[in-house]
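Heads up, the thing below is written out as structure tokens.
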Amino acid sequence: METIRKFERVFEIIDQNQRSAARLIPILQAVQAEYRYLPEEILTFVATSLGISPARVFGVATFYSLFTLKPKGKYLIRVCNGTACHVKGSMGLYGAIVKKLGLKEGEDSTSDMLFTVETVNCLGACGLSPAMVINDEVYGQLTPQRVSDIIDEIVLKEAHNESDAHGA
């Protein structure tokens, strides 16, 4: 039943885009917004629904860096490693985040899929260096302690939301 629901939502997205292959990028953006990544079976479904080859859909999905074929956490933490941020210690922030989240070598997401952490070349927030973005919120002039506090705030908020959802 979950699989059917998954494809129903994709079908709605495709319909909202007039089933047009010319709207492939907006379709993939909407699918990724829904699932936080682009599952392979959904990319194939999109190709079939639009009457284009799966290779074309996969080509677009892998060409643009805004798309991901790998699941991402609810909170995507992007640490800037551009020149200004790097000089001001952004990789120390990255290390503090990885340690705080308990990620092992080669891992970028927590097992509960609450957080994913990655580095980016530039956030365009050089005046705020070192900086990071969590989902769409920019944080600047960071220290390892401030990063830890931000993560604690998110975890607390999520625990509160979870308890509200269960009627506690």
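Scanning the range 61-83 for residues that are surrounded by 17 or more Cβ atoms within 10 Å (Cβ to Cβ) and hydrophobic (A, V, I, L, M, F, W, C) yields Ala61, Phe67, Leu76, Ile77, Val79, Cys80.
Criterion applied to Lys70, Lys99 was being charged (D, E, K, R), under 20 Å from the mean Cα position of the chain (by Cα) and assigned by TED's automatic domain parsing to the domain that holds Leu142, and the one residue passing it is Lys99.
Quick check: anything in the range 24-43 assigned by TED's automatic domain parsing to the domain that holds Thr119, farther than 24 Å from Phe115 by Cα and either among the β-branched types (Val, Ile, Thr) or surrounded by fewer than 18 Cβ atoms within 10 Å (Cβ to Cβ) (or both)? No, the range 24-43 contains no residue that is assigned by TED's automatic domain parsing to the domain that holds Thr119, farther than 24 Å from Phe115 by Cα and either among the β-branched types (Val, Ile, Thr) or surrounded by fewer than 18 Cβ atoms within 10 Å (Cβ to Cβ) (or both). What about Thr119, is it under 16 Å from the mean Cα position of the chain (by Cα), in the same structural domain as Ser129 (by TED's automatic domain parsing) and under 19 Å from Asn135 (Cα atoms)? Yes; evaluated as a whole, the condition is true for this residue.
Examine the range 136-152 for a residue that is part of a loop (DSSP other than H, G, I, E, B), exposed (fewer than 11 other Cβ atoms within 10 Å of the Cβ) and not assigned by TED's automatic domain parsing to the domain that holds Tyr35, and state whether such a residue exists. Yes, the range 136-152 contains a residue that is part of a loop (DSSP other than H, G, I, E, B), exposed (fewer than 11 other Cβ atoms within 10 Å of the Cβ) and not assigned by TED's automatic domain parsing to the domain that holds Tyr35.
The values are calculated or read from the model by the stated rules, or taken from the named source; none is laboratory data. The structure presented is a predicted model; accordingly, all values stated were derived computationally and were not measured. Positions of Cβ are generated from backbone atoms using ideal geometry, with glycine treated the same way; all protein chains shown enter the neighbour counts.
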